[in-house]
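Report on the following structure.
Values quoted throughout were computed directly from the atomic coordinates according to the rules given, and no laboratory measurement underlies them. Because the structure is a prediction, the values reported are computed rather than measured. With ideal geometry, Cβ positions are generated from the backbone for all residues, glycine too; neighbour counts draw on all protein chains shown.
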Amino acid sequence: MKNLSIVLAVLVLGISLQTNAQKVFATKTGQLFFNATGSIVKIVAVNNQVDSKFVDATGQIIFGVLIKGFKFENQLMEDHFNENYMESTQFPKADFKGFIKNIKEINFAKDGKYPIAIEGNLTIHGVTQKVGTAGTLEIAQGKPSIIGEFSVKIKDYGIKGLYIGDKIANEAKINVNCKYQN
């Protein structure tokens, strides 16, 4: 009888741990596409070194981006972006910390595309703002990917420059594409 009690206790504990298990998905090779094309000049860049993690049980998600990781078609434009606008020596990183609000609606065991709502704090140029956006979380062969797009009002983050609103758009469009591993 004592052995049966021990076996049942171990089974209950095992089931309990299994249902409370959470996975942390991560990538260091996510992509951010940046577009601040104004009325005259094409201003686009890509960063292929996005560090991101999220927890399936809670929906907690973080993104970290080195500003100098953005690559432009034109080296002079990249230099101006880093030195004159983003001041990347003083503000080397941008980050986002928040939650996938509807994480419970995602079936991580079933391939498919799931709409997601993300809310949190975005820090750029030393300024933090609350933001929210919609996106898609796709499960393919058990591996998640997050795809989304949002806009950032450049001046809301204390970024100044002569050409903002003219050659440079007032809002930058940001596209996110992260493929995660567990």
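Summary of computed values
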| item | result |
| --- | --- |
| Extreme residue, farthest from D56 (Cα to Cα), among residues of segment 131-182 that are of a type in the set (F, W, Y) and either in contact with a Pro (Cβ under 8 Å, 6 or more places away or on another chain) or assigned to a strand (DSSP E or B) (or both) | F150 |
| Among (1) touching a residue at least 40 places away in the same chain (Cβ under 8 Å); (2) touching a helix residue (DSSP H, G or I) at 6+ places or on another chain (Cβ under 7 Å); (3) within 18 Å of S151 (Cα to Cα); (4) not aliphatic (A, V, I, L, M), the one test that F33 misses | (2) |
